[in-house]
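Engineer: Below is the structure I would like to discuss, written out as structure tokens.
We did not get these values from a lab; they are worked out from the coordinates using the rules stated. Quick caveat, the model's predicted, so the values are computed rather than measured. Here Cβ is always computed from backbone atoms with ideal geometry, including for glycine, and neighbour counts include all displayed protein chains.
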Amino acid sequence: MSRPNQLFRRPVSLSGIGRRRVSLVVLALASTTIAAVFACGPFFPEQLLDDRKNTLANLPEFSFSREVTRLMPSTPSPGKRAADAADSSAASVLYARGARAYRDPQSEDRGLSSFDAIGPLPEAGTDSVRVKAAFMSGKAHEALAFVAGHDTDEELEDAARGFAATRQLVAQGWSDPDGLGPASWGEEARLALHAQGRVCGWTEMVRHDPCTEALTSVQIAKALTLYTHQAVAGASSGVDSLSFLLEWVSRHPARLEALAQDSLGRDLLSLYVLAYDDGSAPGHAAMKALARSASDIKTGPGGRNALLALAAYRMGQFDLAAQFAGDDPAPYAAWVRAKLAMRVNDLPGAARAYAQAIKGFPTNTASGDPAMTSRIRSESGILQLSRGEFVQAFIALYDAARSGGASADGASADGASDAAYLAERVLTVEELRAEIDRAIPASPKPPPPREGDLLPAITLGDTMRQILARRMVREGRLDESLAYFPEDDDPRFRSESEGGHAVDRPYRQWVRAYAKALAEAHSGWTRVSRARGWFEAARIARIHGMEIMGTEQGPDYAVYEGAYEGGAGRSLYSSNPQDPLEGSLTRQQRVDRALKGPFITPEERKRYQASEVVPFARYHYRWVAVDYAEKAADLLPPRSQAFAAVLCQAASWQTDRTPILYARYLKEGALVPFGRDFGNRCEIAPDFEAARHYMLRTKWRHLRDRIARYL
């Protein structure tokens with residue numbers, strides 16, 4: 001099977017999801033024998049259905065950077081001012097003079113007079129230096145703040161005004177190619193941490209400098225607020241500074257207590273617990289401080305306690321989590337209530353809470369991390385699955401995968417694999433077809449690309465439609481399947497030929513040819529024509545089987561185009577050496593091993609067993625192809641070249657029937673030139689016309705012998 005052209009088709013590798021969780025899957029496999037299978041494989045997406053109890057009971061890892069940026073409203077991007085062709089000579093001269101003075105420790109004003117002189121200049125010709133001049137005015141005041149003869153507090157206030165002026169100019173649309181607007185928040189935050197006549201920053205904190213003891217809670221809270229603004233403005237350095245400062249604060253109980261009294265401080269500490277809870281002392285200390293201050297925190301709607309509820313749940317303080325969640329309508333609070341309901345087996349209550357959480361995204365919350373939205377939807381789907389609501393569970397998991405990013409890629413997002421499992425193994429073909437016809441249309445076919453064009457990705461909806469189409473082919477519903485395959489000339493589904501050229505994958509053409517061959521196999525007028533039909537169907541199944549009838553997950557793994565055995569769907573691997581090997585399992589044993597644990601109904605197990613592909617073997621379509629080839633051989637004269645060629649080709653299709661096919665050839669077939677390399681080099685085509693004449697000659701000889709015998 002040819003490999004896809006990455007210019008036109010999404011990569012098979014799932015490293016594009018860039019998630020921290022998927023790497024854990026690969027790491028966990030390292031301690032097992034299956035690790036050898038995955039050693040060079042992609043990063044597989046997380047599958048929440050693998051351990052449903054754990055999924056519903058625990059919280060996922062939160063993205064500190066993503067959540068922090070939603071603690072404050074972001075500022076809309078300003079419109080860009082029309083830039084001047086060139087700076088005026090006066091502005092350029094002033095800025096250069098100020099820059100030289102700033103770098104000179106002996107300068108009396110560190111360039112301040114030059115930077116401040118740029119502001120009053122006419123706007124024309126100052127576009128490239130106006131923002132930089134305001135920023136450097138703040139830096140100059142900062143440099144003077146700790147120089148003898150200068151009032152430290154006054155200089156720091158002037159520095160803050162310079163940084164604020166920087167942001168104001170950026171908001172007005174002045175050019176800021178160096179990102180000084182976001183950087184100004186960090187500069188101002190750093191100045192807030194001053195003590196004993198100097199800035200007491202990261203270096204001093206790391207080495208436990210005495211100046212850190214002089215920092216007040218007010219200074220720390222101000223710095224955290226400013227760093228949060230920087231993070232919201234899109235500066236990764238703001239996120240790094242926040243996490244560093246929060247870790248440092250978490251090691252000082254008194255500072256923790258003080259920070260926990262502030263609303264933003266509680267949110268930041270909660271996010272620290274959620275994002276960096278690895279059992280370390282700082283994380284536990286942060287939650288303990290929040291717990292001790294619980295009596296001073298008013299719970300209820302509008303209290304912004306959802307993150308507190310999540311953090312308390314993460315730390316196992318369930319009573320406190322319930323107190324913080326209260327009846328707060330915020331989605332995260334409802335999520336906590338859903339998990340608490342699951343803990344006491346209140347499934348109806350959990351379902352109501354999940355529905356409330358889903359309804360609240362994204363308009364009713366200060367946080368809208370797509371990964372968390374997806375997770376909540378997925379958990380709701382798992383709950384529906386455990387109640388036997390299979391179609392509703394599929395809808396929930398499909399929507400979860402799309403909300404988490406799978407709308408742009410049919411396989412790579414978390415949740416996509418779970419939705420595909422339901423589509424292939426749990427829903428009936430009619431249930432899946434009805435839902436696809438209702439709500440999952442094919443994505444528009446893009447126009448033919450020009451050289452170097454990037455094409456739209458294959459969507460999750462396209463993937464679901466192909467799963468349905470291949471299931472229909474496996475059930476013999478070939479004409480019905482055509483509408484769910486991609487159009488033959490859709491450039492997104494092209495593959496790369498051996499010469500490096502992109503060629504179409506005409507799925508519908510292949511299926512029509514397959515249907516025509518099977519029709520001839522069943523209704524051809526002669527034995528040879530029926531044999532020709534069976535062999536043509538076998539050839540199509542062998543060459544294009546992955547595309548038109550392969551299983552999305554096990555055993556074929558069309559999701560990875562057959563490149564990897566595992567990483568999607570239910571696994572049959574067992575780490576117990578006493579368990580039988582996967583290849584020796586019975587059908588019932590496969591069900592028992594794949595579907596273990598709670599939240600799995602007998603009906604799901606029944607459907608899983610009923611939807612199993614036959615034969616259940618890696619690249620199962622090869623066995624289908626061999627079966628068709630044997631049917632063709634049954635219809636051919638054993639002493640014909642076609643009989644030997646059909647068996648020889650079938651023997652080369654890499655199944656366990658090769659020895660049987662060779663034995664049959666030795667027993668029934670005639671000596672042919674390619675018999676010496678039987679099963680290895682069998683490119684020669686069966687000569688069906690010669691077989692037809694062979695049969696006619698044989699029949700005439702038999703008829704002639706009978707006539708001679710009775711006349």
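Engineer: Could you list S584, S63, S113 so that the one with the fewest beta carbons within 10 Å of its beta carbon is first and the one with the most is last? The partial results should precede the final answer.
Structural biologist: Values: S584 8, S63 19, S113 16.
If I rank by nearby Cβ atoms, fewest first, I get S584, S113, S63.
Engineer: Please tell me which of these pairs span more than 25 angstrom C-alpha to C-alpha: K445/K516; K222/K339; K631/K667? Each step should come with its number before you reach the end.
Structural biologist: Details: K445/K516 27 Å; K222/K339 35 Å; K631/K667 17 Å.
From K445/K516; K222/K339; K631/K667, over 25 Å: K445/K516; K222/K339.
Engineer: In addition: Hey, fewest Cβ within 10 Å first, where do Y102, Y421, Y332, Y619 land in order?
Structural biologist: On the way: Y102 19, Y421 25, Y332 28, Y619 22.
Ascending number of Cβ neighbours within 10 Å: Y102, Y619, Y421, Y332.
Engineer: Ok, one more. So who's got an amide H within less than 5 Å of the one on A195, skipping anything under 5 residues away but keeping other chains? H placed 1.01 Å off N, in plane.
Structural biologist: C200
Engineer: With a ≥ b ≥ c the root eigenvalues of the C-alpha gyration tensor of the stretch 103-245, is it rounded (a/c under 1.5), prolate (a/b larger than b/c) or oblate? Before the final figure, lay out the partial values.
Structural biologist: Values: a/c = 2.44, a/b = 1.33, b/c = 1.83.
The shape class here is oblate.
Engineer: Can you classify the stretch 448-578 as rounded, prolate or oblate using the Cα gyration tensor, where a ≥ b ≥ c are the square roots of its eigenvalues, rounded means a/c under 1.5, and otherwise it's prolate if a/b beats b/c and oblate if not?
Structural biologist: It is oblate, given that a/c is not under 1.5 and a/b is not larger than b/c.
Engineer: Right, here's the next one. Can you sort R190, R450 by how many other beta carbons sit within 10 Å, fewest first?
Structural biologist: R450, R190
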